[in-house]
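For reference, the structure is listed below as structure tokens.
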Amino acid sequence: MTRPLCWNRPLVVWAARDLGRHASTALLLFISLSLLVTLVMLVLWFDQSLSHACLLWAEQAPDLVVRRVTVGGWAPLPVAETLARVRPVVGALRPRPRVWGVVQSPVGPWTVVGLDPATVSDWPADVPLPRTGEALVGTAGQAFEPGRSIRLEGRASLTLNVVGRLPLSAAPVLHDGVVLHVRDARRVLGLEADQATDLALDVFHDDEAEALRPDLARALPWPVSITTAGEQLRRQLDDISRRTGWLLVSFAPALAAMALVVATVGSAGRRRRWEMGLLKALGWSGGDLLRLHLYRGLLIGAPAVVLGSAAAYLLLFAPGADWAAGFIFGMTGRSLPLQLSGQGSAGGLLLGALMVGMPYMAALFWSGWQAVVQDPAECLAEGA
Amino acid sequence: MNSTGLDCRALTFKRSDAGTILRGVTACFACGGASLVTGLTGAGKSTLLHLLAGLLGPTSGEIWADGEPVSRFSAPHRERWRRRVGIVFQHLHLLNDVSLLENVLVPCIPRPDCWPDALADGRRLLERLGLGHLKDAPPSRVSGGERQRAALARALIGRPRFLLLDEPSAFQDDDQIDGLLRLLAEAVARHACVVVCSHDPRLAAAELFQIRYRLTQGRLEVCP
């Protein structure tokens, strides 16, 4: 006598033969399951890799960002006065004014970042530093080849020569952005020569960022908004989770349909019931029928999971497959330089297994159980 | 009582749509012997075989097999016991989209004790029944007699302790009946319990059957 769920080679071979007998149904199930796995894994791995990227970028971001606010919204910071008031604050390290904002480009809203060549220290050697009248476009600006000009519309209009592209490793905020000389950036954003958009600061230890807030607020004579890197990161991760979560919820009908199809294909049909009754009459136990059912399901499910996961990976990380970011996050142009950590990969697989594998296995068990509890004589009489 | 074989004790079977089919049937089908049950069409021969095979449960009465109360077994226990039964159905019940050899092998697939020799045994049985050249053909492409012999091979594979045959000679010529009787005699020689339900006079004349029963109006009587 065999144990109910142990591996049985002849039964596996028969399960494969059985699938071959119903090839069109099996193929249809395999394709739909593969597609579902692809979609779910695509979203889960994109979520994981984007979160991973956010964590990496957060390490490069300033620990604190100070912005001046008024009743009308954001207001420019006077650079000299701000620096003079912030420098004496104990613990506020490397205060640096930043010039940036959103303007209209020919292909939609873009982020402009002003760069002062005099203050740049770790610029990549193969990327030219923009001088006055020049621009470096982000990864989304594929249409703007070096040598072409680009017109930006902000508080003022500005036409610039594109001299290069930002590397893929640049911060995500520059994905659909453009880097200009700080003077050009101030012009297009409508800032005076001694004005900046915000002030970036570092702290000695991450925990100090929160503690420095009241000191910085007291040091400045205007109302300010102070954001820590941790807050910014949480906001980004929440945004990613919210978007991918809604997308995954929208797959629920597809998952339910898949489970229903598996359950229906497995148990329904007079012919199928007759066959289950016959096998029982010929000495197959309920455990044997359940195992046959599970083997059939696994022979379809396991390759479908492998194929679906591989397809999701290729769609997400293969060069040129940029549509996933556009589909999920509305990103345009070349994809972000994403990478999947081991933990993220395993987490994605685990979640995917829960989302697709659980209903699939539940449907398999349910339909298998229907075969187990059927009365063989009744099934045979139906098919006679 | 620890007799070997199939022991029916006051077996009654009623069906809601067909009334009482068997009435207090008491009989002992011994191992190492062959029994023939005859009767008119609709007399309840197939029902009796299904009861003996554990496919149906009696309305009252009991069936004991080798001293065990099979009719009282729970469904999973009865399923395991059924591995000791080889059966030929009246309607044959072959899988039409697989080959004859695969049909013959079906009972052995989940049985590790039977599987290692199953392929060789299946081929040998088909050869003996004159179906060697048709082993790869599906049942839909062979004659009724050939299908019936394939069903017999399926019942014989795994050397069952209880061999139950429902009209096994209906589509067979005299030569094939001789072959069938030889196979049944071999089963008897290995101490199997053979029960054949048939109204074929050629089987009724066979010496193999030590005991002949007649099923009339739901009652089983020993024929002289």
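Nearest-5 percent of antiparallel DSSP beta bridges in the protein assembly as shown?
Approximately 65 percent, going by the DSSP bridge assignments.
Quote the FRET efficiency, to the nearest 0.05, computed for A:ALA16 versus B:ARG190 with a Förster distance R0 of 45 Å and r equal to the Cβ-Cβ distance.
According to the calculation, E is roughly 0.85.
Please compute, for the alpha-carbon atoms of the protein assembly as shown, the extent along each of the three principal axes and give them in descending order in Å.
125, 48, 40
What's the FRET efficiency of A:GLN142 with A:ASP122 using the Cβ-Cβ distance as r and R₀ = 30 Å, to the nearest 0.05?
Efficiency, from the Cβ-Cβ distance: 0.70.
For A:LYS280, list the aspartates and glutamates whose Cα falls under 14 Å from its own Cα; do not include residues on the same chain fewer than 8 positions away.
Within reach: A:ASP288, A:ASP375, A:GLU378, B:GLU79.
Taking H as built 1.01 Å from N, whose amide H comes closer than 5 Å to the amide H of B:SER35, not counting residues under 5 places away?
B:VAL194, B:VAL195, B:VAL196
Please get the size of the charge dipole for segment A:50-150, origin at its Cα centre, with Cβ charges of +1 on Lys and Arg and -1 on Asp and Glu, quoted in debye to the nearest 20.
Here the size comes out at about 420 debye.
Counting pairs of Cα atoms in segment A:64-202, how many percent are more than 20 Å apart?
When all Cα pairs of segment A:64-202 are counted, 46 percent exceed 20 Å.
Name the residues whose placed amide hydrogens come within less than 5 Å of the amide hydrogen of A:GLY190, ignoring near sequence neighbours (fewer than 5 apart) on the same chain.
A:ARG155, A:ALA156
Each residue of segment A:201-218 in order: what ³J(HN,Hα) in whole Hz does its phi give by Karplus 6.51 cos²θ - 1.76 cosθ + 1.60, θ = phi - 60°, with x for Gly and Pro?
9, 10, 10, 6, 10, 3, 5, 6, 4, 5, 5, 6, 3, x, 5, 5, 4, 6
Using the alpha carbons of segment B:1-105, what is the convex hull volume per residue in cubic angstrom, as a whole number?
140 Å³
Taking R0 as 45 Å, what FRET efficiency do you get between A:LEU129 and A:ALA254 from their Cβ-Cβ distance, rounded to the nearest 0.05?
0.35
Nearest 5 is fine: what % of DSSP beta bridges in segment A:64-202 come out antiparallel, could you say?
75 percent
In whole Hz and in residue order, list the ³J(HN,Hα) couplings for segment A:142-152 that follow from phi through the Karplus curve 6.51 cos²θ - 1.76 cosθ + 1.60, θ = phi - 60°; x for Gly and Pro.
Using θ = phi - 60°, the values come out as 5, 5, 9, 6, x, x, 7, 9, 9, 10, 10 Hz.
Per residue, what volume in Å³ does the Cα convex hull of segment B:50-176 take up?
So the per-residue Cα hull volume is 120 Å³.
So what's the back-of-envelope 222 nm ellipticity for chain A, counting only DSSP H runs of four-plus at -39500 (n - 2.57) apiece and dividing by all residues, rounded to 500?
Helices in chain A give a 222 nm mean residue ellipticity of -17500 deg cm²/dmol.
Charges only on Cβ, +1 for Lys and Arg, -1 for Asp and Glu: so what's the dipole of chain B about the Cα centre, in debye to the nearest 20?
That gives a dipole near 560 debye.
Of all DSSP beta bridges in chain B, what percent run antiparallel (nearest 5)?
50 percent
Taking only the alpha carbons of segment B:5-222, what extent do you get along each of the three principal axes, in Å, biggest first?
46, 38, 36
Using only the Cα atoms of segment A:1-152, what semi-axes does the equivalent ellipsoid have when each is the square root of 5 times a gyration tensor eigenvalue? Give whole Å, largest first.
Computed over segment A:1-152, the values are 58, 24, 16 Å.
Subtracting the Cα-Cα distance from 0.36 nm times the residue separation, let me have the gained length for A:ARG235 to A:ARG85 in nm, one decimal.
51.1 nm is the gain from fully extending A:ARG235 to A:ARG85.
Given +1 on the Cβ of Lys and Arg, -1 on the Cβ of Asp and Glu, and no further charges, what dipole in debye does segment A:99-159 carry about its Cα centre, rounded to the nearest 20?
In total the dipole reaches around 240 debye.
Between A:HIS205 and B:THR59, what is the label-point separation in nm under the 7 Å Cα-to-beta-carbon projection?
Going from the B:THR59 label point to the A:HIS205 one covers 8.9 nm.
Can you give the convex hull volume of the alpha carbon atoms of segment A:35-90 per residue, in Å³?
144 Å³
Only the coordinates and a few stated rules stand behind these numbers; no lab work does. For clarity, every value in this text was computed on a predicted model and none was experimentally measured. Using ideal geometry, Cβ is built from the backbone for each residue, glycine included, and neighbour counts are taken over all protein chains shown.
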